[in-house]
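Note sheet for the following structure.
The values are calculated or read from the model by the stated rules, or taken from the named source; none is laboratory data. Owing to the predicted nature of the structure, the values given are computational and were not obtained by experimental measurement. Every residue, glycine among them, receives a Cβ derived from its backbone with ideal geometry; neighbour counts consider all protein chains shown. Ligands, DNA and RNA are excluded from the accessible area calculation, which covers all protein heavy atoms including side chains. Shrake-Rupley method; radii C 1.70, N 1.55, O 1.52, S 1.80 Å.
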Amino acid sequence: MTASIAARPRSPAAPYWTGFAVVVALLVIAPLVLPPFWQRFATEILIWGLLAMSSDILIGYTGMVSFGHSAFFGLGMYGAAAALLTVKPPSLGLAVLYGLVAAAGAAVFVAYFATRLRDFYVIIFTWTEVTGGENGLTFRQPALSILGLGSDRFTPTTFHWFVLAVVLVSYLLVRRITRSPFGMVLQSIRENEPRTRAIGYHIERYKIVAVMLSGLFAGLAGALYAIQNKFAAPDFVFFVVSGEVVIFNVMGGMGTLVGPFAGAAFFLLLREGLSRFLTEYYLIPVGIIFIVMVIFLPQGLLGFLRRRLNA
């Protein structure tokens, strides 16, 4: 008598990783088939998605709404600009490192910036010898070189792949962090801060680390954006950028990590499409759509799929 072998139950994470692999494959192929404008647009979506994901560490996992996230992004841009303007020949590794250090410095003194952010903007605009003031800074794009191995000029395709690789590593790292015991405490703070404190966790320390992690990845996004555009300007330090990042999270789904990328893509594509037909009035329908989504889809585009996606 032969016993039939029962089928092994499918892992709940399998659909997520299958979808993840499909999306990554499409993003790898994208620069090979898209026209130049949309190729660049896809790269920018990845960068803005990385910025939104960094904000999700605070908004979605810790319950801290950050309207000063543009400071981290802008300092990442200026850090990269400083490296590319002072180091000859321009170094890709140093550009990213300088951007991360600048953003980390902002994260350490975030309390100072939160209370004196107006002074910070004044410095950006008035210290023209360093920041370029309203005109910003322009610089050469560094060559593609990793750990000093090889040196070749970026093309739009190779830069897209480079950004995609950085974003993938960042996403997997943040995903691991949010699923660690540290990440569980952050979510506990979000759900019930007094109870989390009562059971013995030092809330302030966890929040400080969360802000630093969020600032680091925001600075990385800023450095990538500066390298892509060969330009750093104070406009990216304004509150408008922080507001858009919050919108990305709300539209895509807070506390999902995947949602911020979906929200960034949806918002940027929506804005691009409407601006071609409505020119200066395109923000009106964008605002209406955002309000409708908040009312009828409060969990965002991917929030309601969180458990199934296992993200």
Are any of the residues in region 153-167 open to solvent by 40 Å² or more (accessible area, probe 1.4 Å), modelled with pLDDT of 75 or more and of a type in the set (Gly, Ala, Ser)? yes
Looking at (1) within 23 Å of residue 82 (Cα to Cα); (2) open to solvent by less than 40 Å² (accessible area, probe 1.4 Å), which is the only condition residue 231 fails? (2)
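I want to confirm something. Restricting to region 11-65 and keeping residues that are under 18 Å from the mean Cα position of the chain (by Cα) and of a type in the set (S, T, N, Q), which single residue is surrounded by the fewest Cβ atoms within 10 Å (Cβ to Cβ)? Walk me through how you get there before you give the answer.
Taking region 11-65 as the starting set, the residues that turn out to be under 18 Å from the mean Cα position of the chain (by Cα) are 20, 23-24, 27, 40-65.
So of that shortlist, the ones also of a type in the set (S, T, N, Q) come out as 43, 54-55, 62.
Working: 43: 25, 54: 29, 55: 28, 62: 28.
So, considering only residues that are under 18 Å from the mean Cα position of the chain (by Cα) and of a type in the set (S, T, N, Q), the one surrounded by the fewest Cβ atoms within 10 Å (Cβ to Cβ) is 43.
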Test residue 143 against the criterion of being at pLDDT 60 or above and over 23 Å from residue 171 (Cα atoms), and give yes or no. yes
In region 194-227, what count of residues is obtained for those that are open to solvent by 10 Å² or more (accessible area, probe 1.4 Å), part of a helix (DSSP H, G or I) and either of a type in the set (Phe, Trp, Tyr) or farther than 15 Å from residue 59 by Cβ (or both)? 14
List every residue pair whose Cβ atoms sit under 7 Å apart, with the two residues 6 or more apart in sequence or on different chains, where the first one lies in region 277-297 and is open to solvent by less than 60 Å² (accessible area, probe 1.4 Å) and the second, anywhere, is among the hydroxyl-bearing types (Ser, Thr, Tyr) and part of a helix (DSSP H, G or I). 282/275
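Scan region 233-247 residue by residue and report those that are under 17 Å from residue 71 (Cβ atoms) and assigned to a helix (DSSP H, G or I).
Taking region 233-247 first, the residues under 17 Å from residue 71 (Cβ atoms) are 233-246.
Selection gives 234, 235, 236, 237, 239, 240, 241, 242, 243, 244, 245, 246.
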In region 250-265, is there at least one residue being part of a loop (DSSP other than H, G, I, E, B), among the polar types (S, T, N, Q), open to solvent by 50 Å² or more (accessible area, probe 1.4 Å) and more than 19 Å from residue 104 (Cα to Cα)? no
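Only one of 98, 78 is open to solvent by 50 Å² or more (accessible area, probe 1.4 Å), assigned to a helix (DSSP H, G or I), modelled with pLDDT of 85 or more and touching a helix residue (DSSP H, G or I) at 6+ places or on another chain (Cβ under 7 Å). Can you tell me which? Show your work before the answer.
Numbers: 78 fails: open to solvent by 50 Å² or more (accessible area, probe 1.4 Å).
Among 98, 78, only 98 is open to solvent by 50 Å² or more (accessible area, probe 1.4 Å), assigned to a helix (DSSP H, G or I), modelled with pLDDT of 85 or more and touching a helix residue (DSSP H, G or I) at 6+ places or on another chain (Cβ under 7 Å).
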Might you let me know whether region 186-208 holds any residue that is closer than 18 Å to residue 20 by Cα, in contact (Cβ under 8 Å) with a residue 24 or more places away in the chain and of a type in the set (D, E, K, R)? no
